[in-house]
Amino acid sequence: MSGWKIELLRIVLLVGVTAGRIQSLASPFLKESFQLSSSDVLLEELITGPLRGRDIFLFVDEYTRFSMPTLPSDANTILMATHKGFNVGHYPNYCLRGSSYIAILLFSRTPSELFHHLSLSAAWNPTFLLLINMNATQSSMTILDHEVVQRSKHLVLLQPFNKGTINTFLVLTSFPFRARPHAAMSLWHKTYFRSDADLFLDRHPNMEGATLRLGSWCDDYPFIYLRHPSDDQCVGANLDTLTLIAAKLNFSYEVQKETQDQNWGALENGRWTGMLGDLVYNNKHLVINLFLVNYERWRDFDTTYPYHAEGFGFLAPLPPPVPQWKSITYPFTGIMWLAVIACTLIVSLLSALLPAVMEKDSVDYVRHILMVYGGILRQAVQLRGVEWLAAWWLSCIIITTAYTTNLVAFLTVPVYPTRMETVAELAQSHLRLTMQDYGNFVPAALKESSDQSLAALGNKLDLFTYELEYDPGFRGIRNREQVLIETYSYLSNLQMQYNATRYSYLMKEQIYSGHSAWFLPKNTPYTTKFSHLLTRLRETGILYKFFIYHFPPSDGQNQVSFRLTNAHARKKHQ
């Protein structure tokens, strides 16, 4: 091929596709006899070349299935389907999403019907997607922008390229965060792409300075919250974490102080509300507030790997100290007291009966009984005639010495009754349960629970409105009438902010414990990027450091400086 043809080809490529990196295209044409690949051998070169050893899911339309070249029979496991009438329900999920199969889509006309069908299902999301346009008269670069196509983490388009004697394919991909997302990689030749890593580039090496919009609510201590009610700045452990990830991936973010519908995030009548609804309907990119992973959220959203485990805790009133006068009974257990009383009565009876049987004369019963009780009180008496009582006196000295020693300790330190630590103990107590009414799933879950203790708690649960903040809950705790339930870390913060450590404690048992994650729109191709970095920060202990940093001191200082900002309707942690 002559030199001017090479230059013309380079100009055409640069003008036609100006974004992305373009490999040197001159070397294949240095010799006149060099032949580029055509559609007749393209599939064979792909399957025996970069896709060697990989399972293939091949889609063909009514035009390409008749003109499709012969496929190698022993190279891979190949599933084949047609565009028309394709139904995702007929295939297992591992064929439709993930990296088990490489999806190859052959088409001669824009597969609008197939794309429309795939867009209705969240199941379609192959990690590797290869688009091959078999129609040289039709440009298909706009297909790269389709939402169904953009779901894939790795994406390649092979577009026919005919110029003079050159009959081959142009290899393109898409970098969605760039100003010009379409990028030409090279002309196709099997020597250029020897492995799948050569063919499928990382489309998200970084975010190219993009701005991500958070679906957030700054009332989720310590993960994301307002530094002060009069301050518009949101801070928190998760924001600190996101800042590190943003520096690594080269993006910025916009924080939303509260949701538009004043809801936290729940599935109501088949529609998501709050922050999760922002991901679906309001073009938000990420939710970093505390949400537990459950089936509905996993089904409808992308989630990162869990980074935090937490459940709902109970803040109970401290039981009152036992009256001082009752301390005289605490040196011994109940069984020990019964044993002492029983032994005293038995010895008293024996001391009265034995002399009567042995002497057969008049016996002073009162004297003998008083000698027995004198041992208890350690009063000096003469044991003439009843020397056998010496063993009783020795036992009394040991018992009274132990009692006196323990009594000193109990009189010095206030004695508290045993604290409740389990759900079963709480259900059997006289205390009622209280919770802020912001649409959480817990009230309904408690009442519908098959567990007897949880159902009992649901039947004695009192809800108070969000306008009152948490004042009614702490009033009930101070009056020793109610126990407050809330997510554990948030409840810890409430205890400190209300300066309630003097009269309340956190029970050990939690309910509805689960793993927390960040949420992104379903089939977001860069979810794994966030998951990987978030997991690394957790494993190195940085997340824990941020979490601890945002807890205020527990010594009562600055208790008034921060007031809770839940002055609006919200539906939290559902």
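Within segment 54-102, restricting attention to residues that are at pLDDT below 85 and among the β-branched types (Val, Ile, Thr), the residue that is most open to solvent (accessible area, probe 1.4 Å) is Thr70. Leu484 meets the conditions (1) touching a residue at least 40 places away in the same chain (Cβ under 8 Å); (2) of a type in the set (A, V, I, L, M, F, W, C); (3) in a strand (DSSP E or B); (4) over 21 Å from Leu292 (Cβ atoms) in every case but one. The failed one is (4). The listed residues are Asn294, Asn263, Asn289, and the only one of them that is within 27 Å of Gly311 (Cβ to Cβ), touching a Lys or Arg at 6+ places or on another chain (Cβ under 6 Å) and not aliphatic (A, V, I, L, M) turns out to be Asn263.
Let me confirm something: among Leu114, Leu158, Leu118, Leu144, which residue is part of a strand (DSSP E or B), at negative phi and modelled with pLDDT of 90 or more? Let's see the steps before the verdict.
Values: Leu114 fails: part of a strand (DSSP E or B); Leu118 fails: part of a strand (DSSP E or B); Leu144 fails: part of a strand (DSSP E or B).
Matching residue, one of Leu114, Leu158, Leu118, Leu144: Leu158.
Of all the numbered requirements in (1) over 18 Å from Leu226 (Cβ atoms); (2) open to solvent by 10 Å² or more (accessible area, probe 1.4 Å), Gly265 misses one, and that requirement is (2).
Is it the case, given these coordinates, that Leu345 is hydrophobic (A, V, I, L, M, F, W, C) and either out of contact with any Phe, Trp or Tyr (no Cβ under 9 Å at 6 or more places or on another chain) or assigned to a helix (DSSP H, G or I) (or both)? Yes; evaluated as a whole, the condition is true for this residue. Quick check on segment 301-309. Is at least one of its residues among the small types (Gly, Ala, Ser) and open to solvent by 50 Å² or more (accessible area, probe 1.4 Å)? The answer is yes; a qualifying residue exists.
Counting just the residues of segment 215-238 that are of a type in the set (A, V, I, L, M) and surrounded by fewer than 23 Cβ atoms within 10 Å (Cβ to Cβ), which one comes out nearest to Gln150 (Cα to Cα)? Show your work before the answer.
In the first step, residues of segment 215-238 are kept if they are of a type in the set (A, V, I, L, M); the result is 224, 226, 235, 237.
Within this subset, residues satisfying the condition of being surrounded by fewer than 23 Cβ atoms within 10 Å (Cβ to Cβ) are 226, 235.
Working: Leu226: 36, Val235: 33 Å.
Restricting to residues being of a type in the set (A, V, I, L, M) and surrounded by fewer than 23 Cβ atoms within 10 Å (Cβ to Cβ), the top hit is Val235.
The strands (runs of 3 or more DSSP E) falling completely within segment 168-271 include none with 3 or more residues that are free of Cβ contacts under 8 Å to residues at least 40 places away in the same chain, within 30 Å of Glu45 (Cα to Cα) and of a type in the set (Lys, Arg). Do the conditions hold for Lys284, that is, is it open to solvent by less than 50 Å² (accessible area, probe 1.4 Å), assigned to a loop (DSSP other than H, G, I, E, B) and at pLDDT 90 or above? Criteria met by Lys284. For segment 174-198, the set of residues classified as out of contact with any Ser or Thr (no Cβ under 9 Å at 6 or more places or on another chain) and either open to solvent by 60 Å² or more (accessible area, probe 1.4 Å) or of a type outside the set (Ser, Thr, Tyr) (or both) consists of Phe175, Pro176, Phe177, Arg178, Ala179, Thr191, Arg194, Asp196, Ala197, Asp198, listed by residue number. Give the number of residues within segment 142-165 that are in contact (Cβ under 8 Å) with a residue 40 or more places away in the chain and not charged (D, E, K, R). Qualifying residue count, segment 142-165: 9. Could you say whether any residue in segment 415-422 is over 27 Å from Leu338 (Cα atoms), at pLDDT 80 or above, touching a helix residue (DSSP H, G or I) at 6+ places or on another chain (Cβ under 6 Å) and among the β-branched types (Val, Ile, Thr)? Taking every residue of segment 415-422 in turn, none turns out to be over 27 Å from Leu338 (Cα atoms), at pLDDT 80 or above, touching a helix residue (DSSP H, G or I) at 6+ places or on another chain (Cβ under 6 Å) and among the β-branched types (Val, Ile, Thr).
The values are calculated or read from the model by the stated rules, or taken from the named source; none is laboratory data. If you're wondering where the values come from, they're calculated on a predicted model, not measured in any experiment. Methodologically, a virtual Cβ is constructed for each residue, glycine included, from the backbone with ideal geometry; neighbour enumeration extends over all protein chains shown. The protein model used for the area step is the full one, side chains on, heavy atoms only, and it has no ligands, DNA or RNA in it. Shrake-Rupley method; radii C 1.70, N 1.55, O 1.52, S 1.80 Å.
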